[in-house]
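Here is the structure we will look at.
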Amino acid sequence: MSGYNWPRLMLGGAIIGLLDLCAASLSSGRSLYVICQSVASGWYGKASYDLGDKSAAVGLMSQVLMACLITAIFAVFARLRPELLRRPLVSGIAYGLIILIVMAFVVLPLSAVGQPMQFKSAARFTLHLLTMVAFGVAVAFVAHWAARPAMRGPLTGEALLID
């Protein structure tokens, strides 16, 4: 996979993961510590909140690693379909929707949480949707940034337009 600068790709993924934690904290009004414990509940279930620093650290590492993995998966698909890099806004929106569906209906039910994501109101659903779309767009732009020039092509105003 010589089409990417992988350290740059993983750095971007890690930054996206950290920003996602901050967004979750701001939107929920909970501390970053509790948000990290929430992420760790995928491993430990409800016991995560009783494990203190251990679950917060596991949650932080899990979040960063998941964001790097999600970024790498996009990069692999973009390597197979370079047009994904040429229109990062459009491909990022689509990827964000895919991320939301996979997280809500595959990852969470298979984790220690054991059930799909709960959307308690239309406002919460909209917030999750916008957050995941922003996440997907950030991933697509990071992949564009980390791709070798011959692979990505120029990023012009046209790259942001939807046909």
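What follows is calculated from the coordinates using simple rules that are stated; it is not laboratory data. In this text the structure is predicted, and so the values were computed from the model without any measurement. Note: ideal-geometry Cβ built from the backbone for every residue, glycine included; neighbour counts use all protein chains shown.
Some values worked out for this structure:
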read-out: Gaussian network model of the chain, Cα within-10 Å springs - most flexible of Ala147, Ala23, Ala56; value: Ala23
read-out: Per-bin percent of Cα-Cα distances, the range 74-139 [5 Å]; value: 4, 19, 21, 21, 17, 10, 7, 1
read-out: Rounded to 10°, Cα long-axis angle of helix 6-28 versus longest principal axis of the chain; value: 40
read-out: Among Arg87, Arg124, Arg79, residue whose mean-square fluctuation peaks in a GNM of the chain (springs only between Cα atoms under 10 Å); value: Arg124
read-out: Inter-label distance, nm, simple model (7 Å from Cα along the C-beta direction), Asp50/Ser28; value: 1.9
read-out: Cα-based helix-to-principal-axis angle, 32-44 vs the chain, degrees rounded to 10; value: 80
read-out: Crossing angle, helix 122-146 versus the chain [Cα axis fit, 0-90 degrees, rounded to tens]; value: 40
read-out: Given charges at Cβ of Lys, Arg, Asp, Glu: the chain dipole, positive-most of Val142, Cys22, Ala75; value: Ala75
read-out: For the chain, convex hull volume per residue from C-alpha positions, Å³; value: 116
read-out: Stretch gain in nm, segment Ala57-Val106, where the contour uses 0.36 nm per residue and the Cα spacing is subtracted; value: 15.3 nm
read-out: About the Cα centre, charge dipole magnitude for the chain (Lys/Arg +1, Asp/Glu -1 at Cβ), debye; value: 120
read-out: Gained length - Phe125 relative to Ala94, 0.36 nm times residue gap less alpha-carbon distance; value: 9.5 nm
read-out: Candidates Lys46, Lys120, Lys54, ranked by Gaussian network fluctuation over the chain, Cα under 10 Å, top entry; value: Lys120
read-out: Length-normalised contact order for the range 6-160 - Cα pairs under 8 Å, 6+ apart - percent; value: 30
